[in-house]
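*Asks:* The structure is given below, and queries will be raised subsequently.
The values are calculated or read from the model by the stated rules, or taken from the named source; none is laboratory data. Please read all numbers here as calculations on a predicted model, not as lab measurements. Neighbour counts are summed over all protein chains in view; Cβ atoms, including those assigned to glycine, are modelled from backbone coordinates with ideal geometry.
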Amino acid sequence: MTCRALIIQRLVWFGLALLTFLTLLVLFFIIGYISAKGAPVITPEFLFSLPVRMGKEGGILPTIIVTLYIALLAIVVATPFGVGTAVYLTEYSRESALTRIIRFGADALAGVPSIIFGLFGFILFVIRLKMGWSILAGGLTLAMMVLPTIIRTSEEAIRAIPYQFREVSYSLGGTKSQTVWRVVLPNALPGILTGVILSLGRSVAETAAVIFTAGSTLRLPRTILDPGRTMAVHFYILAREGLSMERAYGTAFLLIIVILLINAFSYLLMFRLTRRLK
Amino acid sequence: MVEKIVARDLKVMVYKKPVLQNINLTVMAQEILAIIGPAHSGKTTFLRSINRLLENQPGFIRSGELLLDNRDVKQWDVDLLRRRVGMIFATPIPLPGTIFDNVAYGPRLKGIRNMHSLAEIVEKSLRAAFLWDEVKDRLFSSALRLSGGQQQRLCIARTLAVEPEVVMMDEPCSGLDPISTAQIEQALQELKANYTFILVTNNVKQAARVSDRTAFFLNGELVEIGPTAQIFTAPKDKRTDDYVSGRIG
Amino acid sequence: MREKLIEKGLLLVALSALGSLLLIALFIFVEGVPLIVKVGIKNFVASTHWAPTKGSFGILPMIIGSVQVTLLALVLGGGLGIAVTMFLAEFAPRWSVAILKPMIELLAGIPSVVYGFIGVMVLVPWIRRSFGGPGFSILAAGIVLGIMILPTVIAISLDALRAVPLSYKEGSLALGATRWQTLYRVMLRAAKSGVIASLILAMGRAIGETMAVIMVAGNALLISASPLAPVRTLTSNIALEMGYAAGDHQKALFATGIVLFVIVALLNTIAILTMRERK
């Protein structure tokens, strides 16, 4: 190693470290900025009361409820399909043209922009299937958006189960479906849950797909056929229309806290999972 | 004596390469048949042909006849076949869960749900595997906390719980200490009256200790089969002689 | 038999992702193609005149806007992303990577509207002060999108670098090269297709991003070469006007969606093929 090469390496090290630090700085800035301006706004009153005058005053309770409904609906619909697909890919088939097509479908679906999902959800669920702007339309659209994530994480989790467990079940007379249901899935559950929780986070953050399917009314929904405004959409409207910067910050802060918690929870699960398998 | 398992001209190929060639062999009821031979002789493949676990591996083709109770294994309902012929693997593989759940797994597959019936079966099986006394107070603790020897006996109990007629053991004591090995060999002797055992083992001394008849596999062929005493003192084939006396291995 | 039924049922379920994709393509095309046919593809894609209420549907300004914003995002975000990847792969202490990686993945979890908002409140005024112009600009959108694609670039590039056989690295080090030289000359070259795939995927994400871009790009219907100029992207066009569009106007937005869908599908296919070629 020449002296010059070592000096270059030192310089490069500093440069790259600086850039990485810069990236983290951006992250902290975003979180810090929103927290500083938004945290003071979070009062029980803000969380639990209804908005007044289109959100200029009052709280954001309906948006919290709508966000919850939509996100839960999305994962309730997507999880059986996602896990089922993963089970089919791992347990019931060998690599073939068919499995490649299935995987291609999942990968391609993952790349579709959210606004396209919004257009699609609008034309199919809201208009053609006559659901109108509704939590149902929004939830179904989001379910399609998160499906690839659940497929991917479930497949990983299922493949991580050692083959010997399956052989034990087979050698005791277990059928394939019994083996999957009693041995594979219960042990893959933490990994599968990680994907589900990540999808929950994505559903909470999503705006473009939701605004064209669930609508933007501020009324409290009574059923899933009612329209509603999620926190992300509410934040967007507040900010764009300039109705109440204060409440915008508050909503954004709540959004970030929820997403941070969801991410932290999924990491905890992953951590426990990797420890368990060792 | 009843013929339990009969192999006639059994051939197994993996991706066109031969793994087992022209195996002609009979397993008699209620005997302990040891199968000895160096690694890659096809011993495990033979076992896995019987309970059709071989079908799960890509590229394997089986020809010839392999009969259980006079019916080819291919014609048996595979789940029924596997309950009739149980298998113990080389490494103990307890399923994640309690000791009770492990032993009760097989019966639950059959549809037995009544806790009382399950508890009876669990106790009976654990006693037969000589494990009951050691675990009776902690049936609901994790099976993963048991020692290697205990885990293997748990696997035996688990297999016995589905009431098989034949039990195949693939080098069951390979990772175990001498005491655990002795316990398993003792269990074999006691259980022989009610079950047929096929014992694949790399340990020729174990085969000599435990089995009634011994078969010697080499490179996918059945070289010789006969009463254990004869195989070890007066083998008919030179290759058998070389192997049991340790000249080849 | 029951098992066969379960297998067939699961096959149907497994086709749900593909089915969804086809449904989406179907409905978008059914709504949008008639309009493209009616207006003529040249008038749609190559015309710069977008006046939907008067029957003019030229989306060229939006196409150019999308391209400009995406390219800038790719340069900024891709460059930064590769730099961070190199740091994480080779120079960061092992313990720190376990903390740094989740933090970077956190960037991916932040809602796009929050990015847009901070862009509006902090970045746009800064650009206006420092460089002039309205602030709402290609530059603003490029910076925001660049940050948003960082996690994608880093995650996939890092995977690609880690997949390079250890022997390559060890061989180079044994010959006396420094870690940096090894990284630069050997490892990156070997991981090239993976890194490129990450950039292409990131490009697809950037082109498809809507909310953040709407808030900071300016949404003006003009074509300009200056990074300080406000532009409208394909996605912004759809999102802004969908709320009140009807009839042909609405169909034109679906047609815009078709163009977007095709571009992203092409990009993703190229990326997947690039990744497969590595294996």
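Rundown of residues vs (1) in contact with a helix residue (DSSP H, G or I) (Cβ under 7 Å, 6 or more places away or on another chain); (2) free of Cβ contacts under 8 Å to residues at least 60 places away in the same chain; (3) surrounded by 24 or more Cβ atoms within 10 Å (Cβ to Cβ); (4) assigned to a helix (DSSP H, G or I), yes/no style:
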position: C:Val164; (1), (2), (3), (4): yes, yes, no, no
position: C:Lys169; (1), (2), (3), (4): yes, yes, no, yes
position: C:Ile196; (1), (2), (3), (4): yes, no, no, yes
position: C:Ile200; (1), (2), (3), (4): yes, no, no, yes
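*Asks:* Among the residues that make up the range C:48-67, is at least one of them within 14 Å of another protein chain (Cβ to nearest Cβ), surrounded by 15 or more Cβ atoms within 10 Å (Cβ to Cβ) and either more than 27 Å from the chain's Cα centre (by Cα) or of a type in the set (Asp, Glu) (or both)?
*Replies:* no
*Asks:* Another one. If you go through the range C:260-271 one residue at a time, do you hit one that is among the hydrophobic types (A, V, I, L, M, F, W, C), farther than 18 Å from C:Phe29 by Cβ and modelled with pLDDT under 90?
*Replies:* Scanning the range C:260-271, I find at least one residue that is among the hydrophobic types (A, V, I, L, M, F, W, C), farther than 18 Å from C:Phe29 by Cβ and modelled with pLDDT under 90, so the answer is yes.
*Asks:* Considering each of C:Met187, C:Met215 in turn, give the residue that is surrounded by 19 or more Cβ atoms within 10 Å (Cβ to Cβ), in contact with a Phe, Trp or Tyr (Cβ under 9 Å, 6 or more places away or on another chain) and facing chain A (nearest Cβ under 10 Å).
*Replies:* C:Met215
*Asks:* Can you pull out the residues in the range C:238-275 that are at the interface with another protein chain (Cβ under 10 Å from one of its Cβ atoms) and not hydrophobic (A, V, I, L, M, F, W, C)?
*Replies:* C:Gly243, C:Gln250, C:Thr256, C:Gly257, C:Asn268, C:Thr269
*Asks:* For the range C:83-120, enumerate the residues that are of a type in the set (A, V, I, L, M) and more than 8 Å from chain A (Cβ to nearest Cβ).
*Replies:* Within the range C:83-120, C:Ala89, C:Val97, C:Ala98, C:Ile99, C:Ala108 qualify.
*Asks:* Next question, about the same structure. Determine if the range A:90-112 includes at least one residue that is touching a residue at least 60 places away in the same chain (Cβ under 8 Å) and at the interface with another protein chain (Cβ under 10 Å from one of its Cβ atoms).
*Replies:* Checking the range A:90-112: at least one residue is touching a residue at least 60 places away in the same chain (Cβ under 8 Å) and at the interface with another protein chain (Cβ under 10 Å from one of its Cβ atoms).
*Asks:* What are the residues in the range B:82-103 that are over 17 Å from B:Pro164 (Cβ atoms), surrounded by 22 or more Cβ atoms within 10 Å (Cβ to Cβ) and at the interface with chain A (Cβ under 7 Å from one of its Cβ atoms), if any?
*Replies:* Hit for the range B:82-103 is B:Leu95, nothing else.
*Asks:* Another one. Just to verify a result, which residue in the range A:214-235, among those that are among the charged types (D, E, K, R) and touching a residue at least 60 places away in the same chain (Cβ under 8 Å), is nearest to the other protein chains (Cβ to nearest Cβ)?
*Replies:* A:Arg229
*Asks:* Output the number of residues of the range A:15-35 satisfying the condition of being more than 10 Å from every other protein chain (Cβ to nearest Cβ) and not polar (S, T, N, Q).
*Replies:* The total comes to 2.
*Asks:* Further question on the same structure: Only one of B:Lys205, B:Lys192 is surrounded by fewer than 20 Cβ atoms within 10 Å (Cβ to Cβ), under 25 Å from B:Leu68 (Cα atoms) and basic (Lys, Arg). Can you tell me which?
*Replies:* B:Lys192
*Asks:* Look at A:Val12 and say whether it is over 24 Å from A:Gly191 (Cα atoms), within 9 Å of chain C (Cβ to nearest Cβ) and modelled with pLDDT of 90 or more.
*Replies:* Spelling it out, it is not the case that A:Val12 is over 24 Å from A:Gly191 (Cα atoms), within 9 Å of chain C (Cβ to nearest Cβ) and modelled with pLDDT of 90 or more.
*Asks:* Further question on the same structure: Answer yes or no as to whether B:Asp137 is more than 14 Å from every other protein chain (Cβ to nearest Cβ) and assigned to a loop (DSSP other than H, G, I, E, B).
*Replies:* Yes, satisfied.
*Asks:* Can we say C:Leu221 is away from chain A (no Cβ under 12 Å), within 22 Å of the chain's Cα centre (by Cα) and outside any helix (DSSP H, G or I)?
*Replies:* Taking the combined requirement at face value, the residue satisfies it.
*Asks:* While we're on this one: Among what's in the range A:110-125 and is surrounded by fewer than 24 Cβ atoms within 10 Å (Cβ to Cβ) and aliphatic (A, V, I, L, M), pick the residue that is nearest to C:Ala212 (Cα to Cα).
*Replies:* A:Ala110
*Asks:* Name the residues in the range A:122-140 that are touching a residue at least 12 places away in the same chain (Cβ under 8 Å) and over 16 Å from A:Asp226 (Cβ atoms), would you?
*Replies:* The answer is A:Phe122, and nothing else.
*Asks:* I want to confirm something. Restricting to the range C:5-47 and keeping residues that are under 24 Å from the mean Cα position of the chain (by Cα) and over 25 Å from A:Phe125 (Cα atoms), which single residue is surrounded by the fewest Cβ atoms within 10 Å (Cβ to Cβ)?
*Replies:* Looking at the filtered set, the residue picked out is C:Ala46.
*Asks:* Give me the residue from the range A:179-196 that is within 12 Å of chain C (Cβ to nearest Cβ) and surrounded by 20 or more Cβ atoms within 10 Å (Cβ to Cβ) and, out of that set, farthest from A:Leu147 (Cα to Cα).
*Replies:* A:Thr179
*Asks:* Given the criterion closer than 30 Å to C:Val164 by Cα and either part of a helix (DSSP H, G or I) or touching a helix residue (DSSP H, G or I) at 6+ places or on another chain (Cβ under 8 Å) (or both), identify the matching residue among C:Pro102, C:Pro125, C:Pro61.
*Replies:* C:Pro102
*Asks:* Somewhere in the range C:89-99, is a residue within 17 Å of C:Leu260 (Cβ to Cβ), among the small types (Gly, Ala, Ser) and at pLDDT below 95?
*Replies:* No.
*Asks:* For the range C:224-257, what are the residues that are buried (at least 24 other Cβ atoms within 10 Å of the Cβ), out of contact with any strand residue (DSSP E or B) (no Cβ under 7 Å at 6 or more places or on another chain) and not in a helix (DSSP H, G or I)?
*Replies:* C:Arg232, C:Thr233
*Asks:* Got a number for residues in the range A:117-166 being part of a loop (DSSP other than H, G, I, E, B), within 14 Å of chain C (Cβ to nearest Cβ) and closer than 30 Å to B:Asn56 by Cα?
*Replies:* Of the residues in the range A:117-166, 0 are part of a loop (DSSP other than H, G, I, E, B), within 14 Å of chain C (Cβ to nearest Cβ) and closer than 30 Å to B:Asn56 by Cα.
*Asks:* Quick one: in the range A:36-67, of everything that is buried (at least 16 other Cβ atoms within 10 Å of the Cβ) and among the polar types (S, T, N, Q), which residue is nearest to the other protein chains (Cβ to nearest Cβ)?
*Replies:* Of everything passing the filter in the range A:36-67, A:Thr67 is nearest to the other protein chains (Cβ to nearest Cβ).
*Asks:* Could you tell me whether A:Leu72 is under 30 Å from A:Arg103 (Cβ atoms) and surrounded by fewer than 17 Cβ atoms within 10 Å (Cβ to Cβ)?
*Replies:* Answer is yes for this residue.
*Asks:* Moving to a separate point now. List the number of the failed condition for C:Val124; all other conditions in (1) within 13 Å of chain A (Cβ to nearest Cβ); (2) more than 16 Å from A:Tyr33 (Cα to Cα); (3) in contact (Cβ under 8 Å) with a residue 60 or more places away in the chain hold.
*Replies:* So the condition that C:Val124 fails would be (2).
*Asks:* Could you please give the count of residues in the range A:236-278 that are surrounded by 15 or more Cβ atoms within 10 Å (Cβ to Cβ), within 11 Å of chain C (Cβ to nearest Cβ) and among the small types (Gly, Ala, Ser)?
*Replies:* 4
*Asks:* Counting only residues that are within 22 Å of B:Thr201 (Cα to Cα) and part of a strand (DSSP E or B), how many does the range B:69-88 have?
*Replies:* Matching residues across the range B:69-88 total 4.
*Asks:* With respect to C:Leu183, determine if the residue is part of a helix (DSSP H, G or I) and within 18 Å of C:Ala271 (Cα to Cα).
*Replies:* no
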